[in-house]
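Taking it in order: structure first as structure tokens, then the write-up.
The values are calculated or read from the model by the stated rules, or taken from the named source; none is laboratory data. No experiment lies behind these values; they were computed from the predicted model shown. Counting neighbours? That spans all protein chains shown, and the Cβs are built from the backbone with ideal geometry, glycine included. SASA here: full protein model, heavy atoms, side chains in, ligands and nucleic acids out. Shrake-Rupley method; radii C 1.70, N 1.55, O 1.52, S 1.80 Å.
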Amino acid sequence: MTDVADVGEAQASVARNARGRAHELFLELEWQPIGPGFEHRTAPLVRLAGQNPAEREHVVTLSE
């Protein structure tokens, strides 16, 4: 996501588009050009919001 005014605008956009799915929002600490297609990015990241779904504890409750 580029061209957002502030973190609040970025968080609102992510929340609107998540449609109930788990999501994360990161800030790139060093600028990297955005090229065409999928490229491996190497900029250091800071998580601003959300949680990695793979890091969550899964709790299953069974009831009759």
Val14 vs. criteria in a helix (DSSP H, G or I), in contact with a strand residue (DSSP E or B) (Cβ under 7 Å, 6 or more places away or on another chain), modelled with pLDDT of 80 or more and under 23 Å from Asp3 (Cβ atoms): yes
Those residues of the stretch 29-55 which are in contact with a strand residue (DSSP E or B) (Cβ under 6 Å, 6 or more places away or on another chain) and either at positive phi or part of a strand (DSSP E or B) (or both), in sequence order: Leu45, Val46, Arg47, Leu48, Ala49, Gly50
Among residues of the stretch 47-60, those that are open to solvent by 80 Å² or more (accessible area, probe 1.4 Å) and modelled with pLDDT of 85 or more, counted: 1
Counted residues, the stretch 1-46 - those being touching a residue at least 12 places away in the same chain (Cβ under 8 Å), exposed (fewer than 12 other Cβ atoms within 10 Å of the Cβ) and of a type outside the set (D, E, K, R): 9
